[in-house]
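Colleague: Below is one structure. I have some questions about it.
The values are calculated or read from the model by the stated rules, or taken from the named source; none is laboratory data. Please read these numbers as outputs of a predicted model, since none were measured by experiment. As a convention, Cβ positions derive from the backbone with ideal geometry for all residues, glycine included, and neighbour counts pool all protein chains shown.
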Ligand code: FAD
């Protein structure tokens with residue numbers, strides 16, 4: 001790594017300044033790819049038919065749509081458009097996924113529902129087998145149907161009003177997966193302790209993340225950049241935590257930070273009815289927690305590195321059979337994107353992970369543990385009690401799962417093995433996750449500018 005060889009922090013090595021610069025260049029491109037191509041803007045998932053596998057709805061800590069409604073106080077007093085239920089609804093064309101027989105018959109009904117502008121072969125997916133090297137549970141696992149198609153472009157991630165006990169319980173369950181010395185799996189269906197019981201585990205991770213952030217900032221400052229302006233002075237230093245555990249935590253926390261950023265940046269002012277950035281929300285959830293922002297940047301580096309590794313893979317990938325012009329264009333866009341990402345370890349050096357640690361752990365079982373935990377995080381998404389939040393939660397966990405699969409199963413000692421196939425949903429999730437992270441970084445830049453204005457005026 002160019003900046004901090006094998007240093008813990010640098011789990012991702014590039015500095016904020018590097019990544020901001022890169023993002024300024026890549027963001028328009030990534031955003032266009034995710035939102036303006038048929039291939040990447042429709043996602044198939046099972047949004048409604050899967051039950052939360054970790055707790056029952058009757059327990060009061062719910063995982064169904066009704067919960068999203070009850071999280072807003074005095075629901076009846078606010079106009080319908082402000083209610084969590086309304087804000088959680090999905091917009092745009094939505095189609096039932098056809099069975100294989102229907103697929104062979106060139107699904108006319110699906111096309112009719114999606115509209116003439118959408119090329120059939122760009123949204124239909126045939127492959128649904130899973131691979132033991134997956135870091136995510138395929139969304140059709142154990143479900144009655146194979147899911148619905150949803151337009152991602154029509155359902156931006158934004159404020160929905162989903163909050164309170166239901167949302168906290170989901171986050172808590174997600175962070176518990178990072179607890180590598182957690183209780184046995186069977187304990188988790190019984191009910192989970194409150195967030196306060198979780199905090200000892202969290203604080204160590206958060207402290208490490210803060211330490212990581214400090215070190216990243218040192219590297220950043222050495223380069224003469226002072227843009228972020230945030231520091232974490234009192235964080236204790238934990239030197240003994242394993243790299244893989246920390247990476248797991250950073251991925252989750254960075255994903256959480258991206259979600260918080262989007263909901264703060266596209267927030268509904270319930271007094272004026274206007275959508276727009278909410279600076280206080282940003283301060284409370286992100287600015288005052290620099291380690292969360294650090295984790296978001298970390299995720300950017302990790303996902304970019306995965307996308308860059310796909311360059312050769314997409315060479316032979318069929319994006320939309322039957323529409324060769326669009327196929328070639330989409331493929332070319334991915335290649336262009338990959339070509340503009342700095343090579344390998346300058347961005348993120350995955351090769352230092354899952355090495356044997358004499359006397360402690362062997363790399364392979366560490367990786368299996370890591371993979372199983374990540375799969376559980378993807379299962380927890382069925383406990384999210386708001387349609388839009390569940391949609392984006394699923395897209396992003398699948399996106400990170402795909403990034404991890406590409407990073408750790410393509411190359412790095414696996415050269416002799418066949419590369420695992422990527423499903424269409426995995427590729428779509430990966431690019432849309434990159435778009436979410438990239439957009440969150442732009443939103444943070446905007447919030448920082450707003451803060452400067454407020455400071456000058458105040
Ligand atoms: P929460 O964000 O719920 O956080 C709970 C606790 O986790 C915090 O008190 C803090 O201790 C810790 N924490 C917070 N952020 C981080 C971080 N980055 N790293 C580490 N620890 C952290 N709401 C929407 O309006 N729109 C959405 O699209 C949306 N999507 C969601 C998707 C998922 C998967 C989930 C679980 C929730 C989603 N929500 C969404 C709800 C949203 O994330 C919050 O839960 C809600 O706004 C309440 O926020 P809060 O301030 O109580 O803290």
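Colleague: Report, by residue number, each residue of the stretch 379-393 that is more than 8 Å from the ligand (Cβ to nearest atom) and more than 11 Å from residue 174 (Cα to Cα).
Modeller: 382, 385, 387, 391
Colleague: Follow-up. From the list 436, 442, which residue is closer than 21 Å to residue 309 by Cα and part of a helix (DSSP H, G or I)?
Modeller: 436
Colleague: Quick one: how many residues across the stretch 229-255 are part of a helix (DSSP H, G or I) and either modelled with pLDDT under 50 or in contact with a helix residue (DSSP H, G or I) (Cβ under 7 Å, 6 or more places away or on another chain) (or both)?
Modeller: 12
Colleague: While we're here: State whether one or more residues within the stretch 400-407 are modelled with pLDDT of 80 or more and within 16 Å of the ligand (Cβ to nearest atom).
Modeller: Yes: one or more hits.
Colleague: Exactly one of these conditions fails for residue 355: (1) closer than 22 Å to residue 298 by Cα; (2) in a helix (DSSP H, G or I); (3) away from the ligand (no atom under 16 Å from the Cβ); (4) touching a helix residue (DSSP H, G or I) at 6+ places or on another chain (Cβ under 8 Å). Give me its number.
Modeller: Tallying (1) closer than 22 Å to residue 298 by Cα; (2) in a helix (DSSP H, G or I); (3) away from the ligand (no atom under 16 Å from the Cβ); (4) touching a helix residue (DSSP H, G or I) at 6+ places or on another chain (Cβ under 8 Å), residue 355 fails exactly one: (2).
Colleague: Considering every residue within the stretch 289-298, establish whether at least one is part of a loop (DSSP other than H, G, I, E, B), within 16 Å of the ligand (Cβ to nearest atom) and over 16 Å from residue 33 (Cα atoms).
Modeller: yes
Colleague: I'd like to check something: does the stretch 422-429 contain any residue that is closer than 17 Å to residue 260 by Cβ and buried (at least 21 other Cβ atoms within 10 Å of the Cβ)?
Modeller: no
Colleague: Could you list, ordered by first residue, the pairs with Cβ atoms under 6 Å in which the first is in the stretch 163-182 and at negative phi and the second is modelled with pLDDT of 90 or more and within 10 Å of the ligand (Cβ to nearest atom), at least 6 apart or interchain?
Modeller: Short answer, once both residue conditions are applied: 170/383; 170/384; 173/380; 174/252; 174/377; 174/380; 177/377; 178/249.
Colleague: Is there a residue being in a strand (DSSP E or B), at pLDDT 85 or above and either surrounded by 16 or more Cβ atoms within 10 Å (Cβ to Cβ) or within 12 Å of the ligand (Cβ to nearest atom) (or both) anywhere in the stretch 263-271?
Modeller: yes
Colleague: Please pick out the residue among 306, 328 that is surrounded by fewer than 19 Cβ atoms within 10 Å (Cβ to Cβ), assigned to a helix (DSSP H, G or I) and more than 12 Å from the ligand (Cβ to nearest atom).
Modeller: Within the list 306, 328, the selection yields 328.
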